[in-house]
Each structure stands twice: as structure tokens, then as C-alpha cells.
Amino acid sequence: MKRVLYPGAAQGPVRLTGPRFHHLARVLRVREGEALEVFDGVGTVFAARVSKLAADAAELVLEAGRPRPPPRPRSRKRPTRIRARRSASPGAE
């Protein structure tokens, strides 16, 4: 799913202009009616839909925000040690 950062995002209509609009329209190439995620940078994610796309601005409708799920913990496995091969017969050198 396409995502865009919008600090201070809140439920309701949002108008994007400038660099955020450019990223949304030119880089992500969203279209009217398309669904995407808006995140505020502090842990809240909003489901959003593009309601209007003009030449210099985009209007989004943000639904209720939900907390971002916590990241999965990284594996704490230690690397395995490589053992030297033992000779086939005991005592043989």
C-alpha cells in the first residue's frame, strides 16, 4: 500500500501542496479514489482516500487513526562456530 508522511495528521479532510503533493502525484502516481496510508511520524497511521486531485494540490479524507503496530523483535541467534574436522582414525597423525 502506498504511504505518505503528514506530520500533525488528524481525522478528516487534508489538503496536500508543495513537496508532499509532488511526491503523492508524481512519484507515487496516485489517482482520485485511490486508498493509501498517511502516517504522522509519531506512531499513528490513518487509512485515507484521495478525494480530489488538482494540478497543484490533492485533497485526502483521513479515517480514524490507529496506533502503528510495534516492530517485531530481531532474532538474537548467535552465529554458529565452525569446528575443525577430526581425522578418521584416532591417534593417527
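The values are calculated or read from the model by the stated rules, or taken from the named source; none is laboratory data. Everything quoted here is computed from the prediction, not taken from an experiment. Here the Cβ is made from the backbone with ideal geometry for all residues, glycine too, and neighbour counts use every protein chain on show. Just the protein is used for accessible areas: all its heavy atoms, side chains included, with ligands, DNA and RNA removed. Shrake-Rupley method; radii C 1.70, N 1.55, O 1.52, S 1.80 Å.
Listing for the model above:
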read-out: Out of V42, V27, sole residue that is under 20 Å from P71 (Cβ atoms), β-branched (V, I, T) and open to solvent by 40 Å² or more (accessible area, probe 1.4 Å); value: V42
read-out: The range 49-85 - residue that is part of a loop (DSSP other than H, G, I, E, B), under 30 Å from H23 (Cβ atoms) and basic (K, R) and, of those, farthest from the chain's Cα centre (by Cα); value: R74
read-out: Criterion (touching a helix residue (DSSP H, G or I) at 6+ places or on another chain (Cβ under 9 Å) and either at pLDDT below 90 or at negative phi (or both)) met by exactly one of A58, A48, A25; value: A58
read-out: Verdict on F21 being aromatic (F, W, Y) and open to solvent by 40 Å² or more (accessible area, probe 1.4 Å); value: no
read-out: Residue list for the range 20-48, restricted to those being among the aliphatic types (A, V, I, L, M) and assigned to a loop (DSSP other than H, G, I, E, B); value: L28, V30, V42
read-out: Pair list, Cβ < 9 Å and 6+ apart or interchain, from the range 29-51 residues that are free of Cβ contacts under 8 Å to residues at least 60 places away in the same chain to residues that are polar (S, T, N, Q) and loosely packed, with under 15 Cβ neighbours inside 10 Å; value: E32/S51; G33/S51; F46/Q11
